[in-house]
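Here's the structure, in structure tokens; my notes come after.
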Amino acid sequence: MTDTADFLQPTHGFMAVPNRLDLTGAKAAILGLPFDCGTNQVRIGARHGPTAIRQQSLALDRRLFSCSERDAVAELGLVDCGDAVVTSGRIEPSFEAMEQATAHILRAGAVPVTFGGDGAVTLPQLRAMKAVHKDLAVLHFDAHTDAYPIGDERHNTATTFTCAAEEDLIDTRASFHIGCRGPVSQSGLAEFSQGLGYRIVDMEALARDGRAHMSAIREELAGRPVYICWDMDFFDASCAPGVCEPTWGGPTAYEGLTLLRALAGLKIVGVDINTVCPPLDPGNMTAHLAATVALNALHLIAIGRGG
């Protein structure tokens, strides 16, 4: 068996939880994926996201006022496994390390809660998930589908969910792109994504009745394994400016967190928070919001396990 030192390295713990590779007793574990493809023309730096999210997490308390007053961090025995050993721009070896690091957490029976990195980091995680969860459904909160037709380069931030469909990693018919909007580089993207089996709840539908959509999704996916992929550009750029592709017209922080909490009761087996870009994040606002998303997600995991 490959030694964990080959694909994991220690770092400071999220919310000051223990930083260790031994997951004995842990029901959830933090994992940093400090990787970006390095191809964005003007907004490079998501590789620094995991460090920024961990730093900002130290300002958070563990309970959620009037929503979930349990101590989910303690209840889950949360630990921080550190960062996957990756090199930005080197896709294949980095994908392998991220897949192994995710698999390490899954083998221990814990739920991985990961910090990217750009949107490409989702694919190696889904590859690891496939070995454990055969009927995985994905809820992808993002301004973009990340399911573009594959061109000259197979792996980039725009083709993550195209590859996931082609590799049969998830049940696309039970998976949703949520919050899609804004400028795109080509036409027919909604139809292409739907042709892969995905369903789309675009920003117009979300704005009309987001809670009703979350309620319907929660009812449909009850009891089956669910993976939450949360791209921080799902939020409006006014509250999450430090992302790789800020997209106006999205939910406020309140609205986004409310939609997330509306999923309480689902069997969440993985959480993936990505695209925080610290060099472009004034006042660390986006990193702090990402840490808050992670805390809310931990509460959802605890609620799903403990009623």
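At a 1.4 Å probe radius, carbon and sulfur cover how many percent of the accessible area of the chain? Walk me through the numbers on the way to the answer.
Working: 6110 of 12110 Å².
Its accessible area is 50 percent carbon and sulfur atoms.
Which whole-number percentage describes the relative contact order of segment 238-290, with Cα contacts under 8 Å and a sequence gap of 6 or more? Write out the running numbers ahead of the final one.
Values: 45 pairs, mean separation 31.8, N = 53.
Relative contact order, segment 238-290: 60 percent.
So how strong a dipole does the chain carry about its Cα centre when Lys and Arg Cβ are +1 and Asp and Glu Cβ are -1, to the nearest 20 debye?
On the way: 24 positive and 36 negative charges, 168 e Å.
Result for the chain is approximately 800 debye, rounded to the nearest 20.
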Translational D in µm²/s for the chain (Stokes-Einstein at 4 °C, 1.567 mPa s, Kirkwood Rh from C-alpha pairs): 69
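Leaving out ligands and nucleic acids, note down the accessible area per residue over the chain with a 1.4 angstrom probe, in whole Å². Mind showing how you got there, number by number?
On the way: 12110 Å² over 307 residues.
With the other protein chains kept in place, the chain gives 39 Å² per residue.
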Computed accessible area, L21, all protein chains, 1.4 angstrom probe, square angstrom: 60
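I need the calculated FRET efficiency for the pair D152 and Q194, taking r as the beta carbon distance and R₀ as 35 Å, to the nearest 0.05.
Details: r = 24 Å, r/R0 = 0.69.
Computed FRET efficiency for D152 and Q194: 0.90.
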Gain upon complete extension [N19, N40; 0.36 nm per residue less C-alpha separation]: 4.4 nm
Accessible area (Å², 1.4 Å probe, nearest 10) - M232: 0
Shape of segment 36-144, Cα gyration tensor, a/c cut at 1.5: oblate
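Is any helix in the chain, taking whole DSSP H runs, at least 15 angstrom long along its axis by alpha carbon and on average at least -0.5 on the Kyte-Doolittle scale, and which ones?
Values: long enough: 91-107 (23 Å, -0.11); 203-220 (21 Å, -0.70); 285-306 (32 Å, 1.11).
The answer, listed by residue number, is 91-107, 285-306.
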18 Å Cα-Cα reach of K27 towards lysines, excluding residues that sit fewer than 8 places from it in its own chain: K267
Sum of -39500 (n - 2.57) over DSSP H runs of 4+, divided by residues of the chain (222 nm, nearest 500): -10000 deg cm²/dmol
Top positive-direction residue, dipole computed over the chain with Cβ charges, set V85, G32, C163: G32
Dipole of segment 67-137, positive direction: furthest Cα of H133, A110, A74, with charges on the beta-carbon: H133
Under 5 Å, built H, 5+ apart or other chain: amide partners of V111: A28, A29
Given charges at beta-carbon only (K, R positive; D, E negative), |dipole| of segment 31-81 in Debye: 200
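The values are calculated or read from the model by the stated rules, or taken from the named source; none is laboratory data. The structure displayed is predicted, hence computed values, not measured ones. Glycine also receives a Cβ, built like all others from the backbone with ideal geometry; neighbour counts cover every protein chain displayed. Only protein heavy atoms, including side chains, enter the accessible area calculation; ligands, DNA and RNA are left aside. Shrake-Rupley method; radii C 1.70, N 1.55, O 1.52, S 1.80 Å.
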